[in-house]
Amino acid sequence: MMSDEIDFDEILGKYHSDPYEYVDIYASHTGRIHFLIKEGDEVDAVSGEWNHIPGTALFEITRERNPKNVTATTNGVVSVLCDEFEGKFVEAGEKLMTIRHPLKKKEIIESILKEVLYVFPAPERAKYFFSLDVQSRVDKKGAREVSVKPGDEIIIMSLMKRDTPVYYSGEQGVIHSVYFKPGVSVERGEPLIGICPSEKLPIIQKIINKVKAEWDKND
Amino acid sequence: MNNNLSLLIPSILDDYVATVELPWRRKESALDSETIFRYGAFAGSVIRVYPSLVRAMDTARSHIRACEESGRSVANGSLIIASTLSLSKGRFSRTWHAPPGGLWGCLLVADTFLPQFRNFLPLIPGIACCEALHQEGASVAAIRWVNDVLLEGKKQAGFLIEGFCSPVYKENYHLLGFGLNINNESFPPELLETAVSLSQVLNRPVELSSFALSFLAKLRYYLGLLLYEEEQWLARGGGDEYLDDHPIIQRWKELSDTLGKRVQFGYDVMENPQYEALVSDLAVDGGLILRHDDGTSSVEHSGEIRYCEK
């Protein structure tokens with residue numbers, strides 16, 4: 001939530017003392033688990049020019065004789081492995097491991113911004129692009145000059161040649177951050193855009209400057 | 001040649017399904033065709049034929065809006081057909097030439113599908129069109145992922161689905177736009193190399209309303225099959241993901257020439273081709289499995305392809 005009273009020291013202190021993101025990995029559906037890594041292993045994220053090289057295989061989940069390898073989407077170290085589930089049948093949503101992902105300065109800024117902006121998430125795994133009207137306003141004036149309000153058709157979700165308008169629900173404001181790229185798939189629940197009331201833009205800029213300055217000073 | 005579409009009325013479509021399509025399905029398929037057709041019977045339950053429209057999709061939106069503003073809901077499965085469209089377009093504002101002789105229109109489908117099954121919807125019009133072409137004698141018809149229909153390598157039919165949230169009741173609709181080149185034989189210069197009509201391939205005119213009945217009956221069947229399989233899956237226990245081999249996917253694979261082809265892929269492949277790869281399979285959810293030159297594979301759920309070789 002946006003607040004005028006942001007304790008920069010506390011936020012920065014938190015990231016300085018522990019500059020990691022802890023990514024929990026869950027079972028996407030029921031099935032029998034076989035781990036393919038062990039605690040302490042380094043894992044790689046998906047890579048390649050078209051994100052076509054899968055990340056490190058983390059575990060195999062088998063349902064109805066249908067095995068599926070689940071791979072890492074973020075790089076880091078396996079800090080927690082719930083190896084009590086090895087060979088066992090788990091329910092969907094069971095936590096299986098945690099990956100400790102080292103944050104870069106840009107990621108820290110984005111992470112802080114996600115705490116203070118209203119983040120509008122992707123409703124489905126799909127590709128997204130701005131609606132024609134929003135895109136023309138973004139092209140003309142830049143995203144941060146484009147104001148959106150609840151009910152506006154802002155984004156088109158494209159999946160299997162089915163284009164569905166996505167209507168904005170959230171605080172009225174301007175588009176501060178755009179997290180999707182045209183033609184690149186976004187997972188369900190991942191942020192699409194970050195919205196900020198226009199009067200709060202100066203404080204957002206202050207956060208960015210402060211993080212950059214503090215981080216560079218300490219580096 | 002008879003391009004008169006005014007004969008297209010729901011009762012004639014019902015008769016066609018009962019006397020032609022259902023007996024054929026019973027012979028060809030082990031599935032419960034009668035139940036499937038009952039589930040799909042909403043498609044074409046109302047048919048409006050216009051001599052000309054600007055865009056059928058726009059008319060569909062206006063129709064939904066007008067119904068709701070007068071206190072009614074639009075009939076699910078309403079079909080809008082026009083003999084000609086003056087400002088039709090494909091995806092990304094591409095030109096779509098829609099003169100008399102073709103089959104142009106839009107089917108309104110209320111979004112009552114489970115999320116796990118929505119991905120199969122865009123595969124349906126390509127299958128229905130391809131089957132109708134085969135029955136008409138164009139055995140070379142094949143589907144290019146997702147739902148382009150090609151005759152001798154040229155595009156004979158294109159489909160696009162746009163979501164629409166109704167203004168009053170906030171119901172979600174899929175507007176299934178279709179454009180089929182049937183008897184129209186002249187194309188603008190920019191489409192000459194890539195578009196073709198059925199009559200050009202068969203070297204004879206085609207009875208347009210008969211072809212339309214066949215296409216619509218097949219649309220009914222596959223829309224019904226989508227709902228039927230939802231019910232069967234729920235009866236089997238359902239779940240978070242649908243991992244079965246859907247009969248729509250099976251049929252798509254039988255009718256497509258995409259598998260095994262080397263393709264260019266791009267979100268807008270005409271303007272911005274992104275990479276080349278080999279199509280190795282179709283995923284259970286309809287995604288395209290592509291094998292890259294470095295041996296890795298990826299699955300694409302959005303975007304389009306063009307074949308690299310003729």
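Within segment A:117-219, the percentage of alpha carbon pairs spaced more than 18 angstrom apart rounds to 50%.
The GluC sites (Glu not before Pro) of segment A:4-83 that meet both conditions, a loop assignment by DSSP and at most 15 other Cβ atoms within 10 Å of the site Cβ, are A:Glu5, A:Glu39, A:Glu49, A:Glu64. For the chain pair B and A, the interface hides roughly 2700 square angstrom of accessible area in total, found with a 1.4 Å probe. Residues whose amide H lies under 5 Å from that of A:Thr30, counting only those 5 or more places away or on a different chain, are A:Ala92; hydrogens are built 1.01 Å from N in the peptide plane.
Quick one: grab the alpha carbon gyration tensor of chain B, order the square roots of its eigenvalues as a ≥ b ≥ c, and give me rounded if a/c is under 1.5, else prolate or oblate depending on whether a/b is larger than b/c. It comes out rounded by the Cα gyration axes. Give the shape of segment B:259-307 as rounded, prolate or oblate, defined through the alpha-carbon gyration tensor: a ≥ b ≥ c are the square roots of its eigenvalues, a/c under 1.5 means rounded, and otherwise the shape is prolate if a/b is larger than b/c and oblate if not. Note, shape of segment B:259-307 comes out oblate.
Mean partner shielding of peptide A:49-56, defined as the number of other chain Cβ atoms within 10 Å of each residue Cβ, is 4.
In summary, the lysines within cross-link reach of B:Lys89, defined as a Cα separation below 23 angstrom excluding same-chain residues under 8 places away, comprise A:Lys127, A:Lys161, B:Lys154, B:Lys155. Where the alpha-carbon atoms of the protein assembly as shown are placed on the principal axes, they occupy 81, 54, 47 Å, in descending order.
Surface exposure of segment B:41-180, expressed per residue as accessible area with a 1.4 Å probe, stands at 33 Å².
Shape call for segment A:20-102 from the C-alpha gyration tensor, a ≥ b ≥ c root eigenvalues: rounded (a/c under 1.5), prolate (a/b greater than b/c) or oblate? Taking the square roots of the gyration eigenvalues as a ≥ b ≥ c, segment A:20-102 is oblate. Counts of other chain beta carbons within 10 angstrom of each beta carbon in peptide A:160-172 average 6.
Database remark: amide H of A:Ile155 closer than 5 angstrom to the amide H of A:Ser131, A:Val166 (H placed geometrically; neighbours at sequence offset of 5 or more, or on other chains; Pro and chain starts carry no H). Across q = 0.12, 0.13 Å⁻¹, segment B:1-143 modelled as identical point scatterers on its alpha-carbon atoms has Debye log10 I(q)/I(0) values of -0.60, -0.72, in the order of the q list.
As a quick test, which of the pairs A:Lys105/A:Lys181; A:Lys68/A:Lys104; A:Lys106/A:Lys181 have an alpha carbon distance above 25 angstrom in this structure? In this structure, A:Lys68/A:Lys104 lie more than 25 Å apart at Cα.
Rg/Rh for chain A (Cα atoms only, Rh after Kirkwood) is 1.01.
At a probe radius of 1.4 angstrom, the accessible area of segment A:61-156 per residue rounds to 53 square angstrom. In chain B, the DSSP beta bridges split such that about 85 percent are antiparallel, to the nearest 5.
In degrees from 0 to 90, rounded to the nearest 10, what is the angle of the helix A:8-17 Cα long axis to the longest principal axis of chain A? Here the helix axis deviates by roughly 30 degrees. Once the Kirkwood radius over Cα pairs is known for segment A:73-122, the Stokes-Einstein relation at 37 °C and 0.692 mPa s delivers a diffusion coefficient of 239 µm²/s. For chain B, with all protein chains in place and a probe radius of 1.4 Å, 51% of the accessible heavy-atom surface sits on carbon or sulfur. Of the trypsin sites (Lys or Arg not before Pro) found in segment B:124-228, those in coil by DSSP whose Cβ has at most 11 other Cβ atoms within 10 Å are B:Lys170.
The GluC sites (Glu not before Pro) of segment B:197-280 that DSSP puts in a loop, and whose beta carbon has at most 12 other beta carbons within 10 Å, are B:Glu271. Using every Cα-Cα pair within segment B:154-310, state what percent have a distance larger than 24 Å. Summing the P(r) tail past 24 Å for segment B:154-310 gives 52 percent.
Shielding of peptide B:294-304 by partners, expressed as the average count of other chain Cβ atoms within 10 Å per residue Cβ, is 5. In this structure the amide hydrogen of B:Ile47, modeled in the peptide plane, comes within under 5 Å of the amide hydrogens of B:Leu79, none closer than 5 places in sequence on its chain.
The values are calculated or read from the model by the stated rules, or taken from the named source; none is laboratory data. The structure presented is a predicted model; accordingly, all values stated were derived computationally and were not measured. Here the Cβ is made from the backbone with ideal geometry for all residues, glycine too, and neighbour counts use every protein chain on show. For accessibility, only protein heavy atoms count, side chains too; no ligands or nucleic acids. Shrake-Rupley method; radii C 1.70, N 1.55, O 1.52, S 1.80 Å.
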